[in-house]
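S.K.: Structure below; questions to follow.
Read-outs throughout are calculated quantities, based only on the coordinates presented, and are distinct from any laboratory measurement. Note that this is a predicted model, so its numbers are computed, not measured. Ideal geometry is used to build each Cβ from the backbone, glycine not excepted, and the neighbour counts take in all protein chains shown.
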Amino acid sequence: MKIMENSGCTPENLDKLVTSVVKLLLYRGVSISTAESCTGGLLSELITAVSGASQIFQLGICTYSEQMKTEFLGVSPDIMRNYGVVSRETALAMAAGLKKISGADICVSVTGIAGPGGGTPEKPVGTVFTGFDIFGRLTSSQLPFSTITDFSRAGIRMAAAYHIFETIKNALTEV
């Protein structure tokens, strides 16, 4: 499989993007919370690395197991059984559950297969779904494979974070 090069997803550019997003959140007085699985706290770490984040960051939760997704975020076991833990439906349910417990203006969730194992032909390594509740509008997206230039575990997690913060920045600039 040939992967298209996306030079935007570098650690330096990710840091710049996150700083830009946090500044936008601060400027607009918009709060944010995260519910993470495959990124394992990376989104929360990136947000809190920016000075002033305490004014807008409400909650960061890492629900790596199915049980924790159900107990903390209220994700129905039926959703995970019928669609899979790595699915659009699970990502949406995670974001909706996060909205209920945090009340943040922007709630973002992420679930995926960062590898190197765990992939299947139907859901290969690099399959990542995100869920967003942005000002009460629930949406989901899948990380495009074309944005992944490094299929290592760290590379997939970084590409997922970049995709998420790009999505948030776009939503904030459209408002």
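S.K.: Considering only the chain, what is the antiparallel percent among its DSSP beta bridges, to the nearest 5?
M.R.: 55
S.K.: Run lengths n ≥ 4 of DSSP H only: what is the helix-derived mean residue ellipticity at 222 nm for the chain, with -39500 (n - 2.57) per run over all residues, to the nearest 500?
M.R.: Rounded to the nearest 500, it is -14000 deg cm²/dmol.
S.K.: What chymotrypsin sites (Phe, Trp or Tyr not before Pro) does region 75-175 have in DSSP loop regions with at most 12 other beta carbons within 10 Å?
M.R.: Phe135
S.K.: Oh, and also: What is the set of long-range amide H partners of Ala35 at a cut-off below 5 Å, with H atoms built 1.01 Å from backbone N?
M.R.: HN-HN under 5 Å from Ala35: Ile61, Val108, Ser109, Val110.
S.K.: Restricting to lysine pairs 8 or more places apart or on different chains, what number in the chain have Cα atoms under 22 Å apart?
M.R.: 8
S.K.: Next question, about the same structure. Given region 11-174 reduced to its alpha-carbon atoms as identical point scatterers, what log10 I(q)/I(0) does the Debye formula return at q = 0.10, 0.11, 0.13 Å⁻¹?
M.R.: Calculated log10 I(q)/I(0) at the listed q: -0.32, -0.38, -0.54.
S.K.: Build a GNM of the chain with springs between Cα atoms under 10 Å: which of Pro121, Pro11, Pro77 gets the top mean-square fluctuation?
M.R.: Looking only at Pro121, Pro11, Pro77, the largest GNM fluctuation is found for Pro121.
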